[in-house]
Amino acid sequence: MAPVVLMLTPMLPTVVEACEERFDLVKLWEADDPAVLLRERGGEVLAVATNGQRPVDDALLDQLPKLQIVAHFGVGYDSVDTDATRARGVVVTNTPEVLDAEVADTAMGLLLMTVRELGAAERYLRAGRWEHEGPYRLTPHTLAGRTLGILGLGRIGLEIAKRAEPFGLRIAYHNRNRRTDVDYPYYPSARELAAAVDTLMVVVPGGRATRHLVDADVLAALGPNGIVINIGRGSVVDTQALITALREGTIGGAGLDVYEDEPHVPQELIDMETVVLLPHVGSASLATRRAMGQLVVDNLISWFERGTALTPVP
Ligand code: NDP
């Protein structure tokens, strides 16, 4: 009998099709009453496939007594309560590495857009203002001479560093642990890193440990020429402190791909013409999303055929 896999919300068609071929796929979102479906079939479910749009928490896990594995689409898995899965001996997998290059490319694009106001400049042209009012304003900021402080020099952070070096940027970083495989200057706290650089690239994971790691203090340390890019998780940056810092000129600008309450973006940020706001598209190309989807499926196949997951989270 094919293992029963519960999919919580619609995933990429390639993932749905591959799961339908291999497994007995239960689609929670198609149920008229998900609670009834869980009561009827929860006891058979061996695996959950999720893209993080619905939490995997005690309430769900209590209904899946035979669950062995949660295969998460995406590298950041903060929608999964890992204390709860650990307590039940449930393995969690994510989709690292296949998206590193894409996210790092997006991060560099976001940095350039932010420093040189490229989004606002494009809107200026499209509104016909170049023709009628003359050239777009000279930007107060430039990329040249900047020092990029990477908050979270992990897999994606390293790819960003690799791309930033040929742009002439100096690199520094903060992790909880100093890396032994790079020579970039290390700072033991986010605040010290911010004080040493003028550009902060946030690429740490979300969750309790990093909540509001970038707060009013860190922003003040970055200074008025400072640019904040957040490609990690919205929860890492204190949004209200960021809005205040931008409004008061405590920092010089910000480019965001992630938000505290997605997909809601505070109107104050939308009203700031030169702040660059992307709708969480870091990894969002067809090719990369397909590779991530394949890794979700491969993790499930590996688990049920060989008893090991390919990319379990620590
Ligand atoms: P890694 O685990 O490889 O890197 C994370 C880095 O953050 C590590 O160097 C880690 O070092 C550091 N870190 C973790 N916790 C803390 C902390 N509390 N304080 C300081 N540093 C910390 O992850 P990836 O590079 O693969 O991904 C990073 C994050 O990027 C994901 O978790 C996800 O949230 C986000 N992401 C966003 C995407 C988007 O579309 N915008 C797409 C993909 C990922 P150490 O353990 O030594 O502290």
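The values are calculated or read from the model by the stated rules, or taken from the named source; none is laboratory data. Everything quoted here is computed from the prediction, not taken from an experiment. Note: ideal-geometry Cβ built from the backbone for every residue, glycine included; neighbour counts use all protein chains shown. Ligands, DNA and RNA are stripped out before the accessible areas are found, and what is left, the full protein with its side chains, is counted by its heavy atoms. Shrake-Rupley method; radii C 1.70, N 1.55, O 1.52, S 1.80 Å.
Worth pointing out:
- The stretch 201-221: number of residues that are of a type in the set (Val, Ile, Thr) and either closer than 16 Å to residue 155 by Cβ or near the ligand (Cβ under 8 Å from one of its atoms) (or both): 4
- Filter pass, residue 1 being in contact with a strand residue (DSSP E or B) (Cβ under 8 Å, 6 or more places away or on another chain), in a loop (DSSP other than H, G, I, E, B) and surrounded by fewer than 20 Cβ atoms within 10 Å (Cβ to Cβ): yes
- Residue, surrounded by the most Cβ atoms within 10 Å (Cβ to Cβ), within the stretch 208-261, restricted to residues that are among the basic types (Lys, Arg) and assigned to a loop (DSSP other than H, G, I, E, B): 233
- The stretch 139-168: number of residues that are open to solvent by less than 10 Å² (accessible area, probe 1.4 Å) and of a type in the set (A, V, I, L, M, F, W, C): 7
- Among the residues making up the stretch 262-297, those that are out of contact with any strand residue (DSSP E or B) (no Cβ under 8 Å at 6 or more places or on another chain), within 20 Å of residue 241 (Cβ to Cβ) and not in a loop (DSSP other than H, G, I, E, B) are 264, 267, 268.
- Of the residues making up the stretch 179-194, those that are free of Cβ contacts under 8 Å to residues at least 40 places away in the same chain and not hydroxyl-bearing (Ser, Thr, Tyr) are 179, 181, 182, 183, 185, 188, 190, 191, 192.
- Filter pass, residue 164 being free of Cβ contacts under 8 Å to residues at least 60 places away in the same chain and within 16 Å of the ligand (Cβ to nearest atom): yes
- If you go through the stretch 48-75 and keep only what is open to solvent by 10 Å² or more (accessible area, probe 1.4 Å), part of a loop (DSSP other than H, G, I, E, B) and away from the ligand (no atom under 16 Å from the Cβ), you end up with 54, 57, 62, 63, 65, 66, 67, 68.
- Criterion (within 11 Å of the ligand (Cβ to nearest atom) and touching a residue at least 24 places away in the same chain (Cβ under 8 Å)) met by exactly one of 153, 169, 148: 153
- Only a single criterion out of (1) within 16 Å of the ligand (Cβ to nearest atom); (2) in a helix (DSSP H, G or I) is not satisfied by residue 92, namely (2).
- Flag if residue 26 is buried (at least 18 other Cβ atoms within 10 Å of the Cβ) and within 22 Å of residue 313 (Cβ to Cβ): no
- Enumeration of residues in the stretch 180-200 that are of a type in the set (Ser, Thr, Tyr) and under 18 Å from residue 162 (Cβ atoms): 180, 184, 186, 199
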